[in-house]
1. Which of (1) closer than 28 Å to residue 125 by Cα; (2) out of contact with any Lys or Arg (no Cβ under 6 Å at 6 or more places or on another chain) is the odd one out, the single condition residue 224 does not satisfy?
2. Looking at 152, 121, 136, which is the one that is farther than 25 Å from residue 205 by Cα, free of Cβ contacts under 8 Å to residues at least 24 places away in the same chain and not basic (Lys, Arg)?
3. Step by step: first the residues of region 178-218, then only those that are exposed (fewer than 15 other Cβ atoms within 10 Å of the Cβ) and in contact with a Ser or Thr (Cβ under 7 Å, 6 or more places away or on another chain), then the one that is farthest from residue 127 (Cα to Cα). Which residue is that?
4. Since residue 96 meets every condition but one in (1) open to solvent by 40 Å² or more (accessible area, probe 1.4 Å); (2) modelled with pLDDT of 85 or more; (3) of a type outside the set (Val, Ile, Thr), which condition does it not meet?
5. Taking only region 226-253 into account, find how many residues are among the β-branched types (Val, Ile, Thr), open to solvent by less than 90 Å² (accessible area, probe 1.4 Å) and either closer than 30 Å to residue 184 by Cβ or in a loop (DSSP other than H, G, I, E, B) (or both).
6. Checking residue 165 against (1) open to solvent by 80 Å² or more (accessible area, probe 1.4 Å); (2) basic (Lys, Arg); (3) assigned to a helix (DSSP H, G or I); (4) in contact with a helix residue (DSSP H, G or I) (Cβ under 8 Å, 6 or more places away or on another chain), which single condition isn't satisfied?
7. In region 183-206, what count of residues is obtained for those that are within 24 Å of the chain's Cα centre (by Cα), part of a loop (DSSP other than H, G, I, E, B) and free of Cβ contacts under 8 Å to residues at least 40 places away in the same chain?
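The values are calculated or read from the model by the stated rules, or taken from the named source; none is laboratory data. Nothing here was measured: the structure is a model prediction, and the numbers come from that model. Cβ placement follows ideal geometry from the backbone for every residue including glycine, while neighbour counts extend to all protein chains displayed. In case anyone asks, the SASA skips ligands and DNA or RNA and just uses the protein heavy atoms, side chains included. Shrake-Rupley method; radii C 1.70, N 1.55, O 1.52, S 1.80 Å.
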Amino acid sequence: GRTAEAAAAAEAAAAEAIAVAPVVDPEQCVKEKCAGQVARCEKDAQCASVLACAFKCGGDEPCVRSCVAAGGLPDGAEVAAYQCAKANGCLSVDDAAAAEAAETPERSLHESLDYWGYQTCSEFGFYQTCEKGSRCFFTQGLDLLPTQDAFCAEYAISQPQIARRIAETNAFYGGSRPDLPPHNATRILYANGDVDPWHGLSILAPLSPELPALLVSGASHHAWTHPSLPTDQPSVVAARKAVRRQLAAWLGL
C-alpha cells in the first residue's frame, strides 16, 4: 500500500519536474527525444508553426490552441510531435509568457503575428547590420546582429539555430547553384533591382537558358510588380515587358 503510494508520488514528482525544468534548446530537445515524430512532422507544412506555438506556450494546451488559431490542434503529425515534446519536457516556458500568449485574441493573431520575421529566424536570416570597422555609412556599432535577431527567442530559436536553418535552406533549394544536381532547377527568372539590398542574396547572372536573370537598373524591391503608373522609370517598364515575354515563352503563349 504505502510503497505503491510512495512510488506513485515519486513518479508524479518526476513528471512534474520534467514539465517545469528549463530547456536550453527546445528544438534540439525535440529532435533528440522525438526523432521519429519530428521526421514525419517535417513533411507537414503546418508543423513548424504548431511546434513554435508549443515552445512559446510551454505545453499549455489552451495557449497552443489560441496560438495556432485553429480551434484546436491539427490532426496528424503535428499532434504526435507536440505530444512527444510535451511528454519529454521539451516545452519549458515561464508561466508569464504562456499566460500572455493565451490571452491573445484569436481574431487578432493574423494581424499580430510576424510571419516574415519568423521566416528570417527559421529559413533566411539576412539581418542588415552596421558593424564597427565595416563599410557601412550609417552609425557603426548602433545596429548589430544581437539586436537584429533578438526577437527570434520568441519562437524559441537561438542564434546557432538560425545559422543552421539558413544552411539547411540553401541545401534544400540549391543555394547559388540550383541548376546543379540534385536540384536541376529550370524555369526560374531571377529578377532584381540593383538598388534593392536584397539583390545581394539573389542570382544576378543567368545560370542557363532555363535560369535567366534580369537586373533592373535603378529599381528598388520588386518595383515591376507594382501597378503600372505613368511616372514609372523606363527600366521598370522594360522589366515588366521582359518578364511577360519570358513567361509567355515558357507557357507557350
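1. All conditions pass for residue 224, except number (2).
2. From the options 152, 121, 136, the qualifying one is 136.
3. The selected residue is 210.
4. Checking residue 96 against (1) open to solvent by 40 Å² or more (accessible area, probe 1.4 Å); (2) modelled with pLDDT of 85 or more; (3) of a type outside the set (Val, Ile, Thr), the one that fails is (2).
5. Residues that pass the stated criteria total 1.
6. (1)
7. Number of matching residues: 6.
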